[in-house]
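The values are calculated or read from the model by the stated rules, or taken from the named source; none is laboratory data. These numbers come from a predicted model, not from an experiment. Heads up, the Cβs are rebuilt from the backbone with ideal geometry, glycines too, and the neighbour counts pull from every protein chain shown. Protein only, heavy atoms only, side chains kept; ligands, DNA and RNA dropped before computing areas. Shrake-Rupley method; radii C 1.70, N 1.55, O 1.52, S 1.80 Å.
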Amino acid sequence: MRNLLLRSAIALTAGAFVLAGCSSQQSGTASPAGTASDGPSSPPASASGAPGGSTASLDPCTLVSGSDLSTYGTFDGPAKQDVGAGARDCQLVRQRANASDDTLTVDITVRDNAGLDALPDNGGGKKPGTMTSGRKAVQAPQPPEGCVLALAVGTGSRVDVSIVSADSAKACDIASKVADVVEPKLPKA
């Protein structure tokens, strides 16, 4: 959570500096020195080749592994399932050495037809922010034990990093760290 807020603050500060350097004193289209501007450029293609990012062929079990989570223990899985409506899930569950160990479940869900705006508020509010890479994200604590950190992939799709742990704050901290592993593997938004 702290990382997400810090990233948001840095992005806002950087945006303010960029905007402060702009003026409306000259008309025309800005272009790098030594090139001619022939009009608007097309949007950059994502890693999947589709403008704006596409999740259609994205396998959630390729986004995180038990070794990525080794800081938190040994995990069973991954268990992959189609959850319908253009969504696929991959779940990893931490092995418990004894009954008093906290549970820890990590779910990565690819949602082909649901953008960040479709992320529900399940009682903990929704906190929009930006990843270090510039990708939009929304964190949604789910009291008493869960947290979802949703990463935008284009405007109409997202990848959710869902954590169930001992409490929401701990779950959100883990979700932020797991999202740092997942995010670089996603198509560019």
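Odds and ends about this structure:
- The number of residues in region 159-189 that are closer than 21 Å to Ala85 by Cβ and part of a loop (DSSP other than H, G, I, E, B) comes to 3.
- One residue alone among Gly123, Gly129, Gly156 is farther than 23 Å from Ser65 by Cα and in a strand (DSSP E or B), and that residue is Gly129.
- Within region 96-108, residues that are within 18 Å of Asp59 (Cα to Cα) have Cβ atoms under 7 Å from residues that are at pLDDT below 90 in no pair, counting only partners at least 6 apart in sequence or on another chain.
- Among all residues of region 104-123, there is none that is farther than 23 Å from Val83 by Cβ and not hydroxyl-bearing (Ser, Thr, Tyr).
Here's the yes/no breakdown for (1) open to solvent by 20 Å² or more (accessible area, probe 1.4 Å); (2) small (Gly, Ala, Ser); (3) at negative phi:
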position: Ser100; (1), (2), (3): yes, yes, yes
position: Ser133; (1), (2), (3): yes, yes, yes
position: Gln139; (1), (2), (3): no, no, yes
position: Lys170; (1), (2), (3): yes, no, yes
position: Lys177; (1), (2), (3): yes, no, yes
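- Residue identified as touching a Cys at 6+ places or on another chain (Cβ under 6 Å), in contact (Cβ under 8 Å) with a residue 24 or more places away in the chain and not hydrophobic (A, V, I, L, M, F, W, C) among Ser168, Ser176, Ser157, Ser133: Ser168
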